[in-house]
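What follows is a short report on a single structure.
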Amino acid sequence: MTDTALRIAQELIRRPSITPEDGGCQDYLESLLHPLGFRRTRVDAGGVTNSVFFRPGERDGTLAYAGHTDVVPPGPRDAWPHPPFSATIEDGVLHGRGAQDMKGGIACWIAAMMDLVRAHQPLPSLQLLITSDEEGESVDGTIRLVEHLQRHDLLPDAAIVGEPSSHKRVGDTIRRGRRGVVQARIGFLGQQGHSAYPQDADNAIHHAAEALARIVAIDWGAPLPGFPPTTCQITNIHGGTGASNVIPGTCEALLDIRYNPANDFAHIRETLARAIEPARVELHVDHVANAFVTADGPFLDLVCAAIRRSTGLEAKRDTGGGTSDGRFLASAGVPVAELGLTNGTIHQVGECVAVEELRVLTGIYRDIIMHFERHS
Ligand SMILES: [Zn+2]
């Protein structure tokens with residue numbers, strides 16, 4: 001199985017697919033999955049390649065695996081120890097963009113399925129939900145796949161998202177939720193004038209300073225346990241004409257809020273609006289990503305049991321980090337667990353993964369598919 005996972009990971013890495021390009025990765029996956037009894041449905045949107053691969057099962061229930069074939073740009077190629085799309089193996093380590101995030105993970109899932117199908121194991125129905133738009137805008141990716149599944153009443157009973165969730169060892173951490181993201185742009189309005197005649201002007205930076213101090217001091221309340229608290233960061237301030245004797249008539253600030261599911265978008269928007277009064281402002285608030293959480297229950301227990309059997313590790317059920325495509329499935333009511341390789345080099349120059357990790361993850365995935373049951 002390890003050789004299979006390694007070979008598939010190399011084939012994927014050698015197809016450069018800088019977001020939102022797919023680079024032929026999903027056609028390659030089709031060539032592997034078709035002989036296993038999978039049918040592919042393309043759900044392309046806005047120039048993004050999306051595929052649902054489906055194999056009807058011999059057992060009850062449908063288990064999905066969600067992943068992306070796109071990768072972030074390699075950065076300066078000279079700084080890589082091996083060319084970023086060469087998939088070179090050296091001293092038991094596979095080098096290349098996507099090795100951890102997340103071509104390596106996809107390769108492990110396919111190797112696990114191949115092994116089970118060839119062993120004629122009775123399997124649940126299996127879905128692969130693959131997009132080439134995760135690392136970029138994420139507007140025509142997994143959400144389009146989930147809409148397709150909803151339209152055709154094909155939502156799975158549970159989903160593994162193959163993002164590299166692990167910290168030091170494969171399986172030490174799974175993610176079962178993420179905070180949501182709200183971003184705001186505030187334009188403070190005043191009246192431009194000469195700094196020697198402040199009575200004839202109205203300083204927009206002064207209004208901004210007072211309002212932003214109130215925003216930073218907002219108490220977002222008690223967080224939902226198991227999640228990091230809500231945080232609000234001022235990420236940009238822009239004001240002034242460049243001249244030191246001009247009172248600015250406008251000032252703009254950008255906020256990035258990571259919210260704990262104890263808060264919600266409507267509450268956050270109202271709280272911000274209250275904090276900036278009575279300044280004259282233009283406020284634009286965007287709900288960039290929903291918070292989500294999969295409750296403790298049979299699915300998370302099954303994933304953790306598979307990890308325990310394969311590695312002896314007791315997985316931490318984490319909710320840290322930025323947002324993930326898991327939110328689209330979770331918002332549709334699908335229990336989601338993110339489980340993948342370690343993430344120590346993701347998005348870095350010199351991304352790589354130990355070949356041994358591919359072996360371990362393939363074993364865990366195999367166990368999850370073997371033991372999956374529908375719980376409703
Ligand atoms: Zn990823």
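The condition (being farther than 24 Å from residue 346 by Cβ, assigned by TED's automatic domain parsing to the domain that holds residue 173 and among the acidic types (Asp, Glu)) is satisfied by just one residue among 70, 91, 157, 140: 157. Whenever a residue of the range 163-192 is in contact (Cβ under 8 Å) with a residue 60 or more places away in the chain and over 15 Å from residue 307 (Cα atoms), its partners that are among the aromatic types (Phe, Trp, Tyr) and assigned to a loop (DSSP other than H, G, I, E, B), lying with C-beta atoms within less than 9 angstrom and at least six residues away or across chains, give the pairs 177/227; 178/227; 179/227.
Which of the residues spanning the range 318-343 are more than 16 Å from the ligand (Cβ to nearest atom) and among the small types (Gly, Ala, Ser)?
330, 331, 332, 333
Among the residues examined, residue 120 qualifies as on the phi > 0 side of the Ramachandran plot, more than 12 Å from the ligand (Cβ to nearest atom) and surrounded by fewer than 24 Cβ atoms within 10 Å (Cβ to Cβ). Quick one: is residue 73 modelled with pLDDT of 95 or more, open to solvent by less than 30 Å² (accessible area, probe 1.4 Å) and in a loop (DSSP other than H, G, I, E, B)? The answer is no for residue 73. Answer yes if at least one residue in the range 60-70 is open to solvent by 40 Å² or more (accessible area, probe 1.4 Å) and either on the phi > 0 side of the Ramachandran plot or more than 25 Å from the chain's Cα centre (by Cα) (or both), and no otherwise. There is at least one residue in the range 60-70 that is open to solvent by 40 Å² or more (accessible area, probe 1.4 Å) and either on the phi > 0 side of the Ramachandran plot or more than 25 Å from the chain's Cα centre (by Cα) (or both).
Filtering the range 297-317 for residues that are assigned by TED's automatic domain parsing to the domain that holds residue 6, out of contact with any strand residue (DSSP E or B) (no Cβ under 7 Å at 6 or more places or on another chain) and within 16 Å of the ligand (Cβ to nearest atom) leaves an empty set. Residue selection: residue 65 satisfies the criterion of being assigned by TED's automatic domain parsing to the domain that holds residue 358, within 16 Å of the ligand (Cβ to nearest atom) and of a type in the set (Phe, Trp, Tyr). Selection of the range 87-96 for residues being open to solvent by 30 Å² or more (accessible area, probe 1.4 Å) and over 26 Å from residue 175 (Cα atoms) yields 88, 89, 90, 91, 92. Residue 289 fulfils the conditions (1) free of Cβ contacts under 8 Å to residues at least 12 places away in the same chain; (2) aliphatic (A, V, I, L, M); (3) under 20 Å from residue 324 (Cα atoms) except for a single criterion, (1). Selection of the range 58-80 for residues being without any contact (Cβ under 8 Å) to a residue 12 or more places away in the chain and within 11 Å of residue 129 (Cβ to Cβ) yields an empty set.
Do we find that residue 141 is open to solvent by less than 20 Å² (accessible area, probe 1.4 Å), within 15 Å of the ligand (Cβ to nearest atom) and either within 19 Å of the chain's Cα centre (by Cα) or not aliphatic (A, V, I, L, M) (or both) in this structure? It is true that residue 141 is open to solvent by less than 20 Å² (accessible area, probe 1.4 Å), within 15 Å of the ligand (Cβ to nearest atom) and either within 19 Å of the chain's Cα centre (by Cα) or not aliphatic (A, V, I, L, M) (or both). Of the strands (runs of 3 or more DSSP E) lying entirely inside the range 188-298, those carrying at least 3 residues that are open to solvent by 60 Å² or more (accessible area, probe 1.4 Å) and under 22 Å from residue 328 (Cα atoms) are 281-289.
Filtering the range 299-324 to residues that are farther than 15 Å from residue 336 by Cα, assigned to a helix (DSSP H, G or I) and free of Cβ contacts under 8 Å to residues at least 12 places away in the same chain leaves only 308.
Taken together, the residues in the range 19-29 that are buried (at least 18 other Cβ atoms within 10 Å of the Cβ) and in a helix (DSSP H, G or I) amount to 3.
Quick one: in the range 38-52, of everything that is surrounded by fewer than 14 Cβ atoms within 10 Å (Cβ to Cβ) and among the small types (Gly, Ala, Ser), which residue is nearest to residue 115 (Cα to Cα)? In this case the residue turns out to be 47.
The values are calculated or read from the model by the stated rules, or taken from the named source; none is laboratory data. All values derive from a computational prediction rather than experimental measurement. All Cβ positions, even for glycine, are placed from backbone atoms using ideal geometry, and neighbour counts span all protein chains on display. Just so you know, the surface numbers come from the protein's heavy atoms only, side chains and all, with ligands and any DNA or RNA stripped out. Shrake-Rupley method; radii C 1.70, N 1.55, O 1.52, S 1.80 Å.
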